[in-house]
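Participant: A single structure is presented below for examination.
The values are calculated or read from the model by the stated rules, or taken from the named source; none is laboratory data. Note that this is a predicted model, so its numbers are computed, not measured. Cβ placement follows ideal geometry from the backbone for every residue including glycine, while neighbour counts extend to all protein chains displayed.
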Amino acid sequence: MLLENSQGFIEFNRVLDEVEIYQVETKPEFRRQGVANGLLAHLLKENEDAKIFLEVRVTNEPARKLYEKFGFKEINTRKNYYKNPTEDAIIYEK
């Protein structure tokens, strides 16, 4: 599924009472203007009854701060999950 506006999108999937977020993307010219905040807030409101999961690069501090601001908690790590460069992924749940 896709939640989008003209400035960005969130790609996710919902199965029963679980949502997995695959990608949150903001067009470069709209970054740091609250676009991801708005999209994520909308997704969370529409899925209040679900557990929500996502993975993020361990070095992606802006994304990690965003998710933690919305109440996501670290639950595990996937070693060497990402390639180019190879990095661990942090798994978050809300």
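Participant: It is to be established whether one or more residues within region 52-70 are more than 18 Å from LEU2 (Cα to Cα), out of contact with any Asp or Glu (no Cβ under 9 Å at 6 or more places or on another chain), acidic (Asp, Glu) and at pLDDT 95 or above.
Facilitator: The answer is yes; a qualifying residue exists.
Conditions (1) within 22 Å of ARG57 (Cβ to Cβ); (2) surrounded by fewer than 18 Cβ atoms within 10 Å (Cβ to Cβ); (3) in contact with an Asp or Glu (Cβ under 8 Å, 6 or more places away or on another chain), marked per residue:
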residue	(1), (2), (3)
PHE9	yes, no, yes
GLN23	yes, yes, yes
PHE30	yes, yes, no
GLY38	no, yes, no
ALA41	no, yes, no
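Participant: Shifting gears a bit: Taking region 11-21 only, how many residues are over 22 Å from TYR82 (Cα atoms) and buried (at least 17 other Cβ atoms within 10 Å of the Cβ)?
Facilitator: So the count comes out to 0.
Participant: Looking at region 26-48, I want the residues that are farther than 21 Å from TYR92 by Cα and have a partner that is part of a loop (DSSP other than H, G, I, E, B) and among the β-branched types (Val, Ile, Thr) with Cβ atoms under 7 Å, at least 6 apart or on another chain. Which pairs are those?
Facilitator: none
Participant: Applying the selection to region 38-94, what residues are in a helix (DSSP H, G or I), within 12 Å of the chain's Cα centre (by Cα) and acidic (Asp, Glu)?
Facilitator: The answer is GLU68, and nothing else.
Participant: Right, here's the next one. Based on what the data block shows, is GLN7 modelled with pLDDT of 95 or more, within 11 Å of the chain's Cα centre (by Cα) and polar (S, T, N, Q)?
Facilitator: no
Participant: List every residue pair whose Cβ atoms lie under 6 Å apart, where the two residues are 6 or more positions apart in sequence or sit on different chains, the first residue falls within region 64-82 and is within 22 Å of LEU40 (Cα to Cα), and the second residue, located anywhere, is modelled with pLDDT under 95 and part of a strand (DSSP E or B).
Facilitator: As it stands, the answer is none, since no pair meets every condition given.
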